[in-house]
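S.K.: I'd like to ask some things about the structure below.
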Amino acid sequence: MDDVLRCLTPDGRLVIGTPNAAFVGSIWASDMTHVHAYRLQDLAAYLDLRGFDCRLFRVSWQSEHPTIMQRLRLLSAKVVTRWVLELDYARGVVLLAQRRA
């Protein structure tokens with residue numbers, strides 16, 4: 001990460017996408033190319049300490065036109081994983097970072 005941050009120009013932006021370490025399922029079930037998964041808050045805190053402003057996004061794949069049942073299933077999954085189990089429903093996370101002025 002230090003090499004990546006050093007290579008950025010002063011007005012450069014960084015986009016990081018990674019499996020979500022807080023996801024309730026296996027984070028490596030569909031992608032074995034990742035060596036380490038990060039919690040979104042940890043990644044943002046690291047970049048904040050290095051002088052970056054960050055925008056955080058959770059990525060949850062679903063069909064383009066979900067049915068009512070699929071929407072209800074997703075909503076119930078979000079409620080159970082976030083508020084009951086204190087885990088995350090999103091399989092991936094995306095972080096957009098820009099160096100502070």
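S.K.: Helix-only mean residue ellipticity at 222 nm, the chain, DSSP H runs n ≥ 4 weighted -39,500 (n - 2.57), per residue, nearest 500. What is it?
M.R.: -8000 deg cm²/dmol
S.K.: Please give the contour-minus-distance gain from Val59 to Leu72: 0.36 nm per residue of separation, less the Cα-Cα distance, rounded to one decimal in nm.
M.R.: 2.9 nm
S.K.: Amide H to amide H under 5 Å from Leu87: which residues, 5+ apart in sequence or cross-chain, H placed 1.01 Å off N in plane?
M.R.: It is Arg82, by chain and number.
S.K.: Indicate the gyration tensor shape class of the stretch 42-88 (rounded, prolate or oblate), computed on the Cα atoms with a ≥ b ≥ c the square roots of the eigenvalues: a/c under 1.5 is rounded; otherwise a/b larger than b/c is prolate and the rest oblate.
M.R.: Since a/c reaches 1.5 but b/c is at least a/b, the shape of the stretch 42-88 is classed as oblate.
S.K.: Further question on the same structure: Arranged from highest to lowest average of other beta-carbon atoms within 10 Å per residue, in what order do the peptides 68-75, 13-20, 44-51 appear?
M.R.: 13-20, 44-51, 68-75
Any read-out appearing in this document is the output of simple, stated calculations on the displayed coordinates, not a laboratory observation. Bear in mind the structure is a predicted one, so any value in this text is a computation, not a measurement. Cβ: placed from backbone, ideal geometry, glycine included. Neighbour counts: every protein chain shown.
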